[in-house]
Structures are given as C-alpha cells and as structure tokens.
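So the structure is just underneath, and the comments pick up after that.
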C-alpha cells in the first residue's frame, strides 16, 4: 500500500548510485517538506477489487509511500522534567549492550529503563568536576559507558561503578570510542586528544594541520583516515600521514557533525546543510541543496532512512525520496535537536533543549480529519464490497488499499451524520442521525427513506436485515420493520405496547428467526416466525442475575455463542446449552462498561470501552469459556499505542473485523485499526530483564553476598529493557531455594520477601511483551546467614556438655534420628525418581516429551553407529490442527492428540520409539530400518490415520497427517538427521499436506 499526496515532492532515491540524479532534480524543482500533521497514515484492509469512485463530489486522497516506513506512522512519546528527567536539555544519547538508554544532561548522566530515570548527579560518586554532561559514548570493547563534562571531566561507568579518568581540557565537545577501544576527545580549546587503556597518550592541534583547536567531533573511516570537524572547517589526516589537511569545497566555518554512513562515506553536518562524501575521494557535494538548515545531528536507521537534527528547524527524515519534518508545531519539545539514536528495537530517540521524544512503531493505525477523514468523531465502521465505510458525525469516508475518499457536496451522502451501517440484499444500508435511511449500491443512492415517505423517525441508530423478514431499524421511538413490495416500501412500528423493554433502541441483531432488540432498559427477543402483522411474540430477557445489566451497545455472534457488550460487562449466551454468563471486574477485567467487541483474524477478542481497547488472547478466552480458568488476563491499549482516542464510541457497529482479520474501531478522534500480525511482530523479541538493585533491610546487597541472619525484609528491583511497549511489559520471578516455580508479577517491578530462612538463594526474573516469548532469566545469588543457634558448632557444644550426663539417651536419640533420616532419604529418592519420570513424559498423551526424545535420539544414533545399522526418523504433523481447535475447541483437539498417540503406539515395533515432539507433532525413531523401509512404514501410518473415523469426537471431523522421513544412511549425525526430517516434513506440508516425503 502506498501514499501519494498532492503537495508532496518526491525525491525518488532508490540507491546510493542514483543520488547524483536526485541532486539535479532537486536543483530544478522547489522542494516541499511534509509536516507530521499534514501527512497521512493508513494501512490496507485487504485486497480491494472495487473500482474508485469517479464522482467529482467524492474527494480522494491517494497514497504511494509505504505507511510503515513513514515518520507519521510512528507513535510519539515525550519526556521532560515533569516525567523524571533532571533537565530538559539532553545533550547526548547512548545505549549499552544490556539495553539501558543513557542521556547526558546538564544535571548529570541519566540511565533509563523505559519507566524510571536513574540520575547520577553526585560528583563524589562519578568523580567528575561538575554534573554538566555534554557527551556520552559506549565502549564496544567492554560495554562500559564514558561521559564527558563541560569542565573537561571524563568518567567511565562499568559493573555499576564509576572510574574517573585524567581530565581533558574544558570544554569537551564529544567523546567517541573507535573499534580498537581508542578514546577520542574533541575539546573546544586544545584540539583532539586520544586515550588508550584510559590514559591520555597523544594530542592533535593546529601544529598538526588542524584549521582550529576547537574540535567538535572526530571519526576514523573504513580506510583508517582520521577526520576532524572544527570551528574553521573539515580536516582529514589520511592513513599513514603525519598531519591533517583541510578539505576544500565545503564551508570553512563550524562543522558540527560527522557521520560515517553505511556505505563507508562521510556525511557532514554544516551551518548550511548536509554534505556527502563522493566515493573513493576526499570531495563532497551538498546532499539537499535547498535545505540550508544548520545540521546538529545525523543518523541512518536500519530501514535506510536518514534522520537529520537541526539547530532551529526540528528533525528531518529522508526516506525513499520523501523528506518529512517534525517541529514544535507538531509535537517536538524544542526545535533545537541535540542528538538522534536508534535503539536495539528500532525506536528512534530525538533529544532537544526542551526534552526527549521517542518515535516508535505504532500498534494501531489511526485516520483522522487531517488525513482527509470526513470527521474525527466516528460512530460506526463497516466493510462493504471490500471497502471500509467510516461513518462520522460530519460525513462518510471510504478506505481501500490505495485511497481514502470522502463524500463532499453536492453528493447526497455528503455531510451526513452516520449512526449505523448494514448489508441489505447486496447494497449498503446507511442510518443517519437526522436524515433517515440511505440505500447505496456502491455507485449511487438507490433509495432514501425519511419521515416524508415511510419512516417513523429520522434517527436510525441501528440496522438489522433479513432476506425473509425485511429491514429492521432501531430508533428512539421503537423498532421500524421495513418490507419492500411491488407498491413500494411498507413500514410497521414495534414499541413497548407490543412488549419491548424500552422504545429507545441501541442496537439490533437478526439471529436465525429471532430479532434481538437492545434498548436502554434491557434486551428483548422477537420470535419473527411466530409473529404476525398484528401481534408479536416477544421475550424480555432478565439480566437481574447478570449484574443487572440494561444498556447493550453491540450484539455479536461467534460459534454457538451470542455476545452482548453492555454497561455491566460482556454477557455471553450459549445457544445450544441455553446457559448465560457475564465477564467484568469479577472475572479479572479492569472495567464493567463495554461499548463494542470483535474477534480478530486469530480469534483473539477485542473489547471497546471509553478507556481504551482491551485484548484477550484466544487461548485464554477459550480456557475461560470451558471452565479451565476463572480469571482472565488482558492487555489494555490507549493513545500511547497509536489509538486516536481511548474513547471507543457506541455505534452499529462500532467495532468490526475486516476480511483480512484486521480490527477497526470507532473512536472520538478518528478510526483506529490493528492486525494480529502487528501485535505478533511487535512482541517477537523479548525485552531483556535486568536486576537494578537488591536490598536487605535497606542495605544494598552485592552479587553472591551474605545477608544478616536477623534480616526481616529483602527487596529486589528489576526492569525489562524494552521501549516499544514499556507500559505493557510483564514479569515472572522465582526464588530458587525457596520456591522453584515461576510467579507471575504482572507489571510489578519489585518483589519483596520477609523472614527468609537460612539458605543459599538465587533470585531470577524474566520479562515479556504481552503474548510474546519470555526473555532469558537474569539471576542474582545471595546467602542468608544462620543465627548462632542454627549453626552446627553450637549444637555440638550443647551435645558435648550434656553427653557426660546422658550418653545412653543421646546415642538412642541419634539412632532414632538416623533411622528417620534414612527413611526420609529413601522417600526423597523415590519421589525424585518419580519426578524425573514425569519430567520426561508428556502429560496429555503419556508419551515421551521433547526432552525424552532428544535423549533417545542421541542414544539410538550412537548405538546404530556402533552396530553399523541404519537409524530412521519420522516427524508426524497433524494437518490444519489450529483449524480443528478453532472450529471444535481445544477439548476436541486434545482428544485427537490422545487418540493419535494410542494409534501410533499400537502400530510400532518393540524397538521403535514414539514421542510427542511438541504441539501437534510426533517424532518416531525406527532403529535398524533403512530409508526405503522407513518410508513404507510412514506411509502405512499416514494411511491408517486417514482411514480412521473421528466422528465420535465431532461431526465432520477428519484428521490427516504430513510426515517427513530421514535416515542416517545419508546424514552424519543426529542433528543433521533431525534437520533433514524436519525439512522433509516442511516439503510434505508445502506439497499439499496428507503425504509422506523422504529427505
């Protein structure tokens, strides 16, 4: 999907070789910069075949820039002194290998973990002469952080300790560390200094050819040339040379920034723009001739975008030929940019004199009026003919993969305040606030119904349609039934006189032969088949046992369940079992009031509220409905995640799943959307966990240290170093030696333990984004000392003192204790043996698990090598197992795995070995079996499974498998054999599944 804006000038730079052409093009044209406010961010909702409207009254915005590569697609977050920074001027940014971000401020160096700022402003600890930090750098050799101050101070932070270095002359403009661990210090008065092994070793000044002793920055390029940016121009000391020479062709004044680009060429930030080094020369050309800003920062991010910080004009981003700009007019804290950094997760950090801004990938995509949307207050959203229709209080917009279009006057749909959408016999029914009902076929309005012809109310809050029973409209005065006859539209009004709970209708849904009618006073169900022209069979639902819910905003259908989003929670009704339930605070959710709901393409549930969107994973929701858990876990998303507004409105419908599985939400500030793949990609890499501090009764504990025997309270502080969704990071902890099980801590970053018994302990913590993988655990070992009476020497002394008087009694007691100990050791040994067996067994199928199989594979491979007999391996994968779970629920899926394990076990020889490989996969070892024999055996298994009936589990349930086979005849070790079988399985699946392939 692409973006094309009329006022955008595109530079069309596809690679480095085309930049000369780009420069000529810029010289001949007027360059226009897109601001963040006027740019558009839209994501595709599917493969749209519907043609573009040609009506001139439909205003269309085109796109030709991938949105996920544009600066305006990113979520922005700002930090200032109000958020914990000690000073709003952040002079420099760095990130260490652990993941901590470091900021150099005028009030000391600062370490940031995504939530909390740790400020090092005590010069007695840092060893610096003052707290003003102007430069900060990472030493790639040992992951230490170096900071430099205004008064020339240098200090190194490593292993949680500060080590001051020999001071440099004031003022230090920058400290930089090259790949050989040499430290380059650029000073304002005494040129360029170098440090090796943290000791000053050399100095370059005007005597060595520098044009000025005021050096702003130094870089060594890939050819070992030393570059120096000074107040009087740019100089280079070629590799092997003893002195510098001044570079001609660029301004002979202040050079503020040097950046070694990914192609090995230098970019130079000057007082009138950016200059780029020409390949294999010391010559430079201006990169953007029409941009004469003073450049203060340069960075190239991993996506190829060039970020430029300016002295007075904010931040610029050049990507794919488009130049974009962010200033204070659209959110930047200050127009003087001091530094730019891309972190390990791909977020871009911009520091200014007014605070810090983070640009990161947005979970949600939002369209608002400044993007061309008809209005910001969105009430309803609907997909019709592969186009998304967005109904706002100011009109209707449509979205497809290449276009955002809005109906403008004199179009009949222009400026309509839309409340509802529905499909009617292949056309789109549009309900409005003050102008009745429109029927739209995608090209023209085919009908417009108002109180002037057939309606009873101009306000159409909800629409439900039925091929058999016509169109039903929810209005403030009841339900209007519309039927189109040869004589035109006929209408009938259904009100409280006919049995409805209330005449003010909020939403409608036709389910089979029933019309579910939601009002401000409850839900009624009309039996359409049993109703006549003059009487209606209406059942008033009683929700007094369901938290006394009354207001229902959306009715959804999923499988056998009917879901109602209400003011007291999410009500669910199992139609077949005729059971009811409700989900709200009592079931673990943070709210009771929900305006809308939808299932995304992965069957995860999304709930809309006035305080954000709630996400509940499919497996969690499925376990809850099946009674496996009684509390739900969730994630709540708000504006900080890219939503236009946390307020999700009520509409008919206000939230939908599009044909691609994307969820669209109507909010008070635009329409927002998210896809399951967006959430998955965001959490692929777990945020690394770190332990910030461990204290015992307020005293800091070092790793491996002892805490006193009388310690009452142990506190461990930790963090996950992730910045994409810092507020959503989850934690698990365990204290080995006290409890070996992982304990969920939610978003808590502190764990406390009181009155721990004497023992050796290892505290561990791991972190994850919602639904993502857990990071590797980080550990902290310590020992709690014993009291004197808990130590052996004390009791030996007591025993010795009493021994003379009670020798016989003591010996008898010792024998008794020894017997007890032997019994306990025997019980422990038996229990340990039992637990080891369980650790190697799959709890569902009772087969060996992955761990047991790996051990067996290594054993069999070595045995077959010794006996010079072949060993064959087959990996068996159940085809479309996710679909079985989704369609028949996990209970049936589990039963399928149990029956398959029994079937496989019955077909094996005594020397064969079968294990559950993981999920829906089984692994089969066949010793003394050639590849040909193994392929035949695997084919028999595949055919047997296909021929087996599973109708006793569920109607229409069929199970097939794909099998990959490999033999040690062709592979030198067990790892290669395993990879080969896995590749053969992949080939079987790619070739259509339900087949056997030999590697």
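Read the figures in this text as sums done on the coordinates, not as results from a lab. These figures come from a predicted structure and were not determined experimentally. Backbone-built Cβ (ideal geometry, glycine too); neighbour counts: all protein chains shown.
Rounded to the nearest 500, what is the chain's calculated 222 nm mean residue ellipticity when only DSSP H runs of at least 4 contribute -39500 (n - 2.57) each, over all residues? Let's see the in-between values first.
Values: 10 runs with 153 residues, N = 999.
Rounded to the nearest 500, it is -5000 deg cm²/dmol.
At 0.36 nm per residue, and after removing the present C-alpha to C-alpha distance, how many nm does the segment from residue 576 to residue 423 gain when stretched out fully?
Values: separation 153, 0.36 × 153 = 55.08 nm, distance 2.69 nm.
Answer, rounded to one decimal: 52.4 nm.
Within 10 Å, count the other beta carbons around each residue, average over each peptide in 847-857, 958-968, 185-195, and list them highest first. Show your work: numbers first, answer last.
Details: 847-857: 18.2, 958-968: 23.4, 185-195: 21.6.
Final packing ranking: 958-968, 185-195, 847-857.
Modelled label-to-label distance, residue 245 and residue 504, 7 Å Cα→beta-carbon offset: nm?
8.5 nm
Could you sort 572-579, 875-882, 631-638, 428-435 so that the peptide with the highest average Cβ count within 10 Å comes first and the rest follow in order? Can you show the working numbers first?
Values: 572-579: 12.2, 875-882: 19.5, 631-638: 17.8, 428-435: 22.0.
Highest mean packing first, the order is 428-435, 875-882, 631-638, 572-579.
So what's the projected area for the range 262-344, the Cα convex hull averaged over all directions, in nm²? Show your work: numbers first, answer last.
Details: hull surface 23.7 nm².
About 5.9 nm², averaged over all directions.
What translational D, rounded to a whole number of µm²/s, comes out for the range 76-204 from Stokes-Einstein when the hydrodynamic radius is the Kirkwood one over Cα pairs, at 25 °C and 0.890 mPa s? All intermediate terms of the calculation are to be shown ahead of the outcome.
On the way: Rh = 14.6 Å.
So the translational diffusion coefficient is about 168 µm²/s.
Rank these for me by crowding, 864, 141, 181, going from fewest to most other beta carbons within 10 Å. Before the final figure, lay out the partial values.
Working: 864 19, 141 12, 181 15.
Starting with the residue having the fewest Cβ neighbours, the order is 141, 181, 864.
In Å and on Cα atoms, what radius of gyration and Dmax does the range 592-738 show?
In Å, with Rg to one decimal and Dmax whole: 20.4, 65.
Using the Cα atoms of the chain, I'd like the radius of gyration and the largest Cα-Cα distance, Dmax, both in angstrom.
35.1, 118
So for the range 229-305, what percent of the C-alpha to C-alpha distances run longer than 18 Å?
38 percent
Mean projection of the alpha-carbon convex hull of the range 495-547 over all orientations, in nm²?
On the way: hull surface 15.2 nm².
So the mean shadow area of the Cα hull is 3.8 nm².
I'd like the projected area of the range 850-998, averaged over all directions, using the convex hull of its alpha carbons. Report it in nm² with one decimal. It would help to have the intermediate numbers written out before the result.
Working: hull surface 33.2 nm².
Averaged projected area of the range 850-998's Cα convex hull equals 8.3 nm².
Rounded to whole Å, give me the distance from the Cα center of the range 588-604 to that of the range 908-969.
40 Å
Suppose R0 equals 25 Å; then what is the FRET efficiency for residue 882 and residue 908 from their Cβ-Cβ distance, rounded to the nearest 0.05? Working shown, then result.
Working: r = 27 Å, r/R0 = 1.08.
FRET efficiency, residue 882 to residue 908: 0.40.
Looking at the P(r) of the range 546-650, how many percent of alpha-carbon pairs lie beyond 23 Å?
Details: 1063 of 5460 pairs.
Summing the P(r) tail past 23 Å for the range 546-650 gives 19 percent.
Need one number: convex hull volume per residue for the range 689-790, Cα atoms only, in Å³. Kindly include the intermediate steps, with their values, before the conclusion.
Values: hull volume 9.2 nm³, N = 102.
Roughly 90 Å³ of hull volume per residue.
Ranked highest first by the average count of other Cβ atoms within 10 Å around their residues, in what order do 808-816, 689-697 fall? Let's see the in-between values first.
Working: 808-816: 10.8, 689-697: 17.9.
Going by the mean number of other Cβ atoms within 10 Å, highest first, we get 689-697, 808-816.
Roughly how many whole Å is it from the C-alpha centroid of the range 367-434 to that of the range 614-676?
21 Å
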